[in-house]
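Participant: Structure incoming, see below.
Values quoted throughout were computed directly from the atomic coordinates according to the rules given, and no laboratory measurement underlies them. Fair warning: this is a prediction, and the values are worked out from it, not measured in the lab. Ideal geometry is used to build each Cβ from the backbone, glycine not excepted, and the neighbour counts take in all protein chains shown.
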Amino acid sequence: MTVLAIEIGGARFAAATVEPAGVITAKLEMPVGPDPTATLKDLVARIVVPGLISEEGLTGVGIGVAGPLDAVRGTVSPANILAWRDFPLVKTVCGLLPGVPVHLAGDGQVMALGEWWRGAFSAGALLGVVVSTGIGGGLVFEGRPHLGSTGNAGHIGHIRAGEGWETCRCGAVGCVETIASGPSMVRWALANGWQQAVEPTFWAGRPVDSRALSADAKRGVTVAVEAFDRAAGALATAVLTTAALFDVENVVIGGGVAGAGATLLAPLRRAVADQAGLGFLRRVKVEATGLGRDAGLFGAAALALRGE
Ligand SMILES: [Zn+2]
């Protein structure tokens, strides 16, 4: 019994074959080409190899993808993959692997589920937050993912929190994502006098790489530190709002911007401590993912193993 886990990111797709005991038996990553559908087909063809893992040996496929998605129709519209709008992802994968059931969830949802299954969090309620070019999130209650009726529960990036006033790419105003995503932090820092040492990388008119900003924040460059503080404040509000609604004890942070480590985690923990009032909120613990990129793959595998 083996399941196929697929993780769809804006820059790269990853896949792994995973056994029920939680062992990854094969793993593959590919950069996304100009035609993401072709990349997906290539990825599946390279990991599901007759003689090694045949279609017959697979009992399910789990997919984690940046939202928003429509779990009822099996379609996705990831913000960073412009070629996919209401793209029939489930149908496409079903076409590649006929007869194998396909399960779909958001990137934050699979990250949280993976951390629950294979990471350090396995009690009570867990909130996973992916801080990357966008902000995703997901909730796991006593080991079960809470996906919601359309599959979008936990979309923490699109809660209004902090002092944001910008119109978000989702159409709403003041979303956490407009303050705390990597590109939003870079944009704010550049508008507030940050002199980036290297030419910023832009994609579709947005800066895409926050690594130089986190390096400067680490060195104590004031405007870079402020960008992270501002992001941490908005994230803390969103985290505590969610914790108040669902009595969340543990929050796990993943995604590219979380790679900044303490540069993000320290101000975030500070902001959570500053903003928390009630006792059950003051005990909320915020940690970085211990599984790295494998968290999403483990979570996607768990979806398929549990038939969620
Ligand atoms: Zn939004």
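Participant: Kirkwood hydrodynamic radius, computed over distinct alpha-carbon pairs, for the chain: how many Å, to one decimal?
Facilitator: 19.4
Participant: Sticking with the crude label model, points 7 Å out along Cα→Cβ, report the distance from GLU29 to GLU249 in nm, one decimal please.
Facilitator: 3.2
Participant: Moving to a separate point now. Quickly work out the THR167-to-GLU287 label distance, labels modelled 7 Å from Cα along the C-beta direction, and quote it in nm with one decimal.
Facilitator: It is 4.2 nm.
Participant: Please state the charge dipole magnitude for the chain, taken about the Cα centre, from unit charges on C-beta atoms (+1 on K and R, -1 on D and E), reported in debye and rounded to the nearest 20.
Facilitator: The dipole of the chain has a size of about 280 debye.
Participant: Report, to two decimal places, the Cα Rg of the range 206-308 normalised by 2.2 N^0.38 Å (N = number of residues).
Facilitator: For the range 206-308, the normalised Cα radius of gyration comes out at 1.20.
Participant: With a ≥ b ≥ c taken as the square roots of the eigenvalues of the C-alpha gyration tensor of the range 1-145, please select rounded if a/c is under 1.5 and otherwise prolate if a/b is larger than b/c or oblate if it is not?
Facilitator: Oblate is the answer for the range 1-145, as a/c is 1.5 or above yet b/c matches or exceeds a/b.
Participant: Using the Cα centre as the reference, give the magnitude of the dipole from point charges on the C-beta atoms of the range 121-289 (Lys, Arg: +1; Asp, Glu: -1; all else neutral), rounded to the nearest 20 debye.
Facilitator: I would put it at about 100 debye.
Participant: Another one. Let me have the relative contact order for the range 121-289, percent, based on Cα pairs under 8 Å that are six or more residues apart.
Facilitator: 24
Participant: In addition: Compute the relative contact order of the range 1-80 as a whole-number percentage, counting only Cα pairs closer than 8 Å that sit 6 or more residues apart in sequence.
Facilitator: Reported relative contact order: 33 percent.
Participant: Which percentage, to the nearest 5, of the DSSP beta bridges contained in the range 121-289 is antiparallel?
Facilitator: About 60 percent, rounded to the nearest 5.
Participant: Once you've got the GNM for the chain with C-alpha springs shorter than 10 Å, pick whichever of ALA26, ALA236, ALA15 has the biggest mean-square fluctuation.
Facilitator: The residue that fluctuates most here is ALA26.
Participant: Have a look at ALA271, THR17, SER210 and report the one farthest towards the positive end of the charge dipole of the chain, computed about the Cα centre with Cβ charges (Lys/Arg +1, Asp/Glu -1).
Facilitator: ALA271
Participant: Calculate how many DSSP beta bridges within the chain are antiparallel, expressed in % of all such bridges and rounded to the nearest 5.
Facilitator: Just about 60 percent of them are antiparallel.
Participant: Still on this structure, please answer the following. Tell me, Kirkwood radius of the range 121-289 from alpha-carbon pair distances, in Å?
Facilitator: Hydrodynamic radius (Kirkwood, Cα pairs) of the range 121-289 is 16.0 Å.
Participant: Rounded to the nearest 500 deg cm²/dmol, what is the calculated helix-only ellipticity per residue at 222 nm for the chain, with -39500 (n - 2.57) per DSSP H run of length n ≥ 4?
Facilitator: -11000 deg cm²/dmol
Participant: Could I ask something else about it? So if I average 1/r over every pair of distinct C-alpha atoms in the range 253-299 and take the inverse, what Kirkwood radius in Å does that give?
Facilitator: Evaluated on the range 253-299, it is 11.8 Å.
Participant: Take the alpha-carbon centre of the range 55-114, take the same for the range 239-255, and report the distance between them in whole Å.
Facilitator: Centre-to-centre (Cα) distance: 25 Å.
Participant: Right, something else. Amide H to amide H under 5 Å from ILE63: which residues, 5+ apart in sequence or cross-chain, H placed 1.01 Å off N in plane?
Facilitator: Amide H neighbours of ILE63: ILE6, HIS103, LEU104, ALA105.
Participant: Still on this structure, please answer the following. Roughly how tilted is helix 262-275, in degrees to the nearest 10 and between 0 and 90, from the longest Cα axis of the chain?
Facilitator: 70
Participant: Name the trypsin sites (Lys or Arg not before Pro) in the range 56-99 that are in a loop by DSSP and that have at most 16 other C-beta atoms within 10 Å, would you?
Facilitator: Passing sites in the range 56-99 are ARG73, ARG85.
Participant: Give the relative contact order (percent, whole number) for the chain; include only Cα pairs under 8 Å separated by 6+ residues.
Facilitator: Computed value for the chain: 20 percent relative contact order.
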